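The values are calculated or read from the model by the stated rules, or taken from the named source; none is laboratory data. Since this is a predicted model, take the numbers as computed values, not measurements. Neighbour counts are summed over all protein chains in view; Cβ atoms, including those assigned to glycine, are modelled from backbone coordinates with ideal geometry.
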């Protein structure tokens, strides 16, 4: 898991490559649009921990993170189901 204080000004993709990693995990307080763009540009999955509130789950999903670690899987499931239903309604494919 990532801790900013140990990596100075390195971009997240540089850290993952230097460690021969295959994903980047960081806290919800550390992720930002610049880091996410860097990681996505390099095809590196991004997972964020620990996210237990609905508002943060929606924000991180909208940013495009690949995974969310949570202590509240029921809330995350409801958020993801709601977002999926909204997409289906918007596309005219309501089931």
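Identify, please: which residue in region 18-58 is assigned to a helix (DSSP H, G or I) and modelled with pLDDT under 95 and is, among those, nearest to residue 82 (Cα to Cα)?
Filtering first and then ranking leaves 33.
Take residue 78 and tell me if it is over 13 Å from the mean Cα position of the chain (by Cα) and exposed (fewer than 12 other Cβ atoms within 10 Å of the Cβ).
No.
Here are some conditions: (1) in contact with a helix residue (DSSP H, G or I) (Cβ under 7 Å, 6 or more places away or on another chain); (2) loosely packed, with under 15 Cβ neighbours inside 10 Å. Residue 19 meets all but one. Which one does it not meet?
(1)
In the list 86, 78, 71, which residue meets the criterion of being without any contact (Cβ under 8 Å) to a residue 60 or more places away in the chain and outside any helix (DSSP H, G or I)?
Step by step, each of 86, 78, 71 is checked, and only 71 is without any contact (Cβ under 8 Å) to a residue 60 or more places away in the chain and outside any helix (DSSP H, G or I).
Within the bounds of region 86-95, is there any residue that is closer than 27 Å to residue 22 by Cβ and surrounded by 10 or more Cβ atoms within 10 Å (Cβ to Cβ)?
No, region 86-95 has no match at all.
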